[in-house]
Amino acid sequence: MNLQLISPVRHGLIMGILALIFGALWAAYLATHHEQLHGAFETQQQEIQQQHQQEMTQGMSMDNMGEMHGGHSHDEATHAPHTAGGHEQAAQHSHSGSLANDAMQRLLRGHIHAMGLGVLVCVLLLVTTLTTIKDCWKKTLGFTFGLGALLYPPAWVIMGFRTVEFGPQAAEASIMWLFAPAVGLLLASMVALFAILLIEGLDMNRSSLLAKFFNNET
């Protein structure tokens, strides 16, 4: 392959390969530290449950003291927060039956997405090099594809480590600042490449309106 052909997207290919390297190294880490990580998550989950039970016990004790003093209004005021806390804890639904298992699954998805996106981005960038789009736009797609591939997998890893402490939904919400840009970059890049291929397929790239985007030397 002519190395000049891939020059405009070289930086994107490098980021795609970095995603593959991250995925391979993360898989190796998970394979050698699986029991250690799972045990740490289970211990963390037990500590959180014990702390929650202690808080509920203290709340019940305060409620009983209020009843002894005939403080019905005080009883309602102290009981309501603990009831709300109980509902909040119950809302932390686990898909696998254990928050520790959920956390491990999310860590594993970090590896899966890194490998999948690394390959996908490299292939799509090679396709980009074969289009007649101008080099400046190829460079732009190199950045958007590459950054999307680099940002998305670590988001799953961070979310995995936060799952037990925050709960599944809260952990997901806490990492949306990283998820949203990564997904946006990847989707925008794929839509742009689809549009480029469609325009070329319909031979619309020769129109004066699109001339600034395409090379039309014959």
Would you please calculate the Kirkwood hydrodynamic radius of the stretch 121-218 over all C-alpha pairs and express it in Å, rounded to one decimal?
15.2
Could you give the radius of gyration (one decimal) and Dmax (whole number) of the Cα atoms in the stretch 1-51, in Å?
19.9, 63
In whole angstrom, how long is each semi-axis of the equivalent ellipsoid of the stretch 96-176, when you take the square root of 5 times every eigenvalue of its Cα gyration tensor and sort them from largest down?
34, 12, 7
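Only the coordinates and a few stated rules stand behind these numbers; no lab work does. No experiment lies behind these values; they were computed from the predicted model shown.
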